[in-house]
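To start, the structure under review is shown below, and the notes come after it.
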Amino acid sequence: MLDISITNIDKVLKTEEQIENFLNSVSFLEEKTDGVKLTVIRKDADFDLTKGLDNFIFAYKNNLIIIEEFIWLNRETIKKESIGISQFALVLDHFRKNMENLSEIPKNTEFLIEFLMNKPTITRDYYKKHAMVLIGYAPTSYRINNMRVYSKPEKFQTENNYLYAKQMQIDVPKILYNGVPREMLTSKSPVKALQEFKEYILNIPSAYGGKIEGVVTQYSNQPFKILQMDQHDPLVRMEKKLRYKMSDEDETLYFEQIHEISNDVVADLKYDNEYKKIISNLNRKVFEIHTIDYPKHLKKSELNVRDDIFLTSKMKLMRLLPGNDNALFLGRIQPPTKMHVKIIEDGLKIFDNVVVAIVKGKKSDKDKNPFPFELQKKMLLEKFPNIEIIQVGTGNIFGIISKVEHNINSILAGSDRSNGYARQLYKNPGMSVQEITREDNGVSSTKVRQSILTHNYEAFKNNMDETHHKYWETLYFIIHPDELEKKIKELQKFESFEKYLIIKEKLNKF
């Protein structure tokens, strides 16, 4: 899906010379807003005003959003009370009302829109809620599978933001400053002057009322951001969450009741219908529950309890759809061993598919993580051509799930990780952790790397699946690059010389 990562200013301006260059250049600063990122895609079919919202796709974190989710909700109550997904009804209402102005938007265009909703995990408290801000767009291709949206956008663009925002009747980022910073600063020191500029900028009120989150500007043709000090402060975030959170014990009991009700909601739904009808039926069943039977929450209104019931039921419904019962297996996998192969094989016997997430931390130990992702992926796909393989930076389950193209119902985990994953999933009992017990033979990636270091091919074969025995030389020369160069020099006069040049060329591609 279309997204953009912007580096913090302190990671861009590292020297006094860079700071001074920035302060003496023309700076164009836009407000960075604090909301949720929505995906809006203009479909590939010709525009048809009679089809209304069906000319577009709306999604949040890959999950399809359709008007049938919000049929019976009172919009004024949403504006006043909602802290959840019911606020997406306001987005769909806006586009439906404005549809006749959207006919010129090119087919297969994906838009990234920031929606300033009320949400416990958003730190800013804007006075003006529910504004939409167009961040950017890109040509795209897409597909919809079991209520999830997957797209492959091209280069992120902003050149036509004003045109598209005018057609959609939404905002673009507000301009807060346009000038040369140095001209308004008193400090001679570049470091102090930059701090003075930050303080000035971050004291400008938000265009939406309240305290600004930060700004976005450019240096050396690259965007970067300046954020409030409290934006990533865990205490500030916790304070916001506590407005809507009871004690841990009461929250646990509340969500247990939510899940019990959602089990009843999805129990007899028919999954052979078109997804709009399925969602409409789901929505109807939630509204048929008398509010007296809703679980009680001391800090949430009936609307927000209803949101919790509906969203939980929707997630369970998606997991029950044919083809959606998939498992996630994550680890460093340096390299894939017999054990990894066995885990995936066992997972494929139980689930529709297995997604493998290969963890690559920013500060990986090269001794423990010598093999590149593309090689790991190639080895696994050779054994399992139909699995999905992605690269991730951490073991955060929900961050990983938002990136994969398959719905995940279960996590495959070793005994040492299963409790940690279970804690991450405690509010999502519909997802399970399937514990994997290591066999007594002690196969491990560590032993494979050790066998390569000690030139022990037999130990290598004992730890690797037979499919991957042929990778001995490739893995060996990654760990022993000097020996590859030595081998090439030794064999220059022989026919086998070319074989090692080919190996070197392949390694250079990873």
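The values are calculated or read from the model by the stated rules, or taken from the named source; none is laboratory data. The structure displayed is predicted, hence computed values, not measured ones. Cβ sites come from the backbone with ideal geometry, for glycine too, and all protein chains shown count toward neighbours.
Name the helices (runs of 4 or more DSSP H) wholly inside the stretch 399-465 in which the number of residues that are at pLDDT below 80 and assigned by TED's automatic domain parsing to the domain that holds Pro370 is 1 or more.
Values: elements: 415-424, 445-453, 457-463.
Per the criteria, 415-424.
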Any pair with Cβ under 6 angstrom, 6 or more apart, that starts in the stretch 140-160 at a residue that is more than 24 Å from Pro223 (Cα to Cα) and ends at one that is polar (S, T, N, Q) and not in a loop (DSSP other than H, G, I, E, B): Tyr142/Ser151
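Which one is farthest from Arg124 (Cα to Cα), of the residues in the stretch 222-259 that are touching a strand residue (DSSP E or B) at 6+ places or on another chain (Cβ under 7 Å) and either modelled with pLDDT under 90 or loosely packed, with under 14 Cβ neighbours inside 10 Å (or both)? Even if it seems obvious, please write down each step before you answer.
Taking the stretch 222-259 and keeping what is touching a strand residue (DSSP E or B) at 6+ places or on another chain (Cβ under 7 Å), we get 223-228, 231.
Filter once more, so that each one left must be either modelled with pLDDT under 90 or loosely packed, with under 14 Cβ neighbours inside 10 Å (or both): 223, 231.
Details: Pro223: 22, Gln231: 8 Å.
The selected residue is Pro223.
Look at Ile358 and say whether it is over 21 Å from the mean Cα position of the chain (by Cα) and either closer than 20 Å to Phe460 by Cβ or modelled with pLDDT of 90 or more (or both). Can you show your working first?
Values: over 21 Å from the mean Cα position of the chain (by Cα): no; either closer than 20 Å to Phe460 by Cβ or modelled with pLDDT of 90 or more (or both): yes.
Taking the combined requirement at face value, the residue does not satisfy it.
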Residue list for the stretch 367-398, filter: part of a strand (DSSP E or B) and not acidic (Asp, Glu): Ile389, Ile390, Gln391, Val392
Checklist (1) exposed (fewer than 15 other Cβ atoms within 10 Å of the Cβ); (2) under 30 Å from Ile201 (Cβ atoms); (3) touching a helix residue (DSSP H, G or I) at 6+ places or on another chain (Cβ under 6 Å) applied to Asn101, failing item: (2)
Residues that are over 14 Å from Ile4 (Cα atoms) and in a strand (DSSP E or B), drawn from the stretch 30-51: Glu30, Glu31, Val40, Ile41, Arg42
Filter result for Tyr219 (hydroxyl-bearing (Ser, Thr, Tyr), surrounded by 14 or more Cβ atoms within 10 Å (Cβ to Cβ) and closer than 13 Å to Leu13 by Cβ): yes
Search result, residues across the stretch 6-46 that are over 21 Å from Ser189 (Cβ atoms), among the small types (Gly, Ala, Ser) and in contact with a helix residue (DSSP H, G or I) (Cβ under 9 Å, 6 or more places away or on another chain): Ala45
Only one of Ile390, Ile408, Ile401, Ile397 that is free of Cβ contacts under 8 Å to residues at least 40 places away in the same chain, under 19 Å from Ile343 (Cβ atoms) and of a type in the set (A, V, I, L, M): Ile390
Condition met for Phe22 (over 29 Å from Met318 (Cβ atoms), of a type in the set (Phe, Trp, Tyr) and surrounded by 18 or more Cβ atoms within 10 Å (Cβ to Cβ)): yes
Matching residues in the stretch 104-118 - criterion: being surrounded by fewer than 18 Cβ atoms within 10 Å (Cβ to Cβ) and farther than 23 Å from Tyr150 by Cα: Glu104
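Out of everything in the stretch 183-192 that is touching a helix residue (DSSP H, G or I) at 6+ places or on another chain (Cβ under 6 Å) and touching a residue at least 40 places away in the same chain (Cβ under 8 Å), what residue ends up being nearest to Lys32 (Cα to Cα)? Give the derivation first.
Step one: filter the stretch 183-192 for residues touching a helix residue (DSSP H, G or I) at 6+ places or on another chain (Cβ under 6 Å), giving 185, 187, 190.
Then drop every residue that is not touching a residue at least 40 places away in the same chain (Cβ under 8 Å), which leaves 185, 190.
Numbers: Leu185: 23, Pro190: 24 Å.
Going through the qualifying residues, I end up with Leu185.
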The listed residue being in contact with a Pro (Cβ under 7 Å, 6 or more places away or on another chain), of a type in the set (Val, Ile, Thr), assigned to a loop (DSSP other than H, G, I, E, B) and closer than 26 Å to Phe398 by Cα, out of Ile4, Ile83: Ile83
Residue under evaluation Gln167, criteria (1) closer than 17 Å to Ile41 by Cβ; (2) within 27 Å of the chain's Cα centre (by Cα), criterion not met: (2)
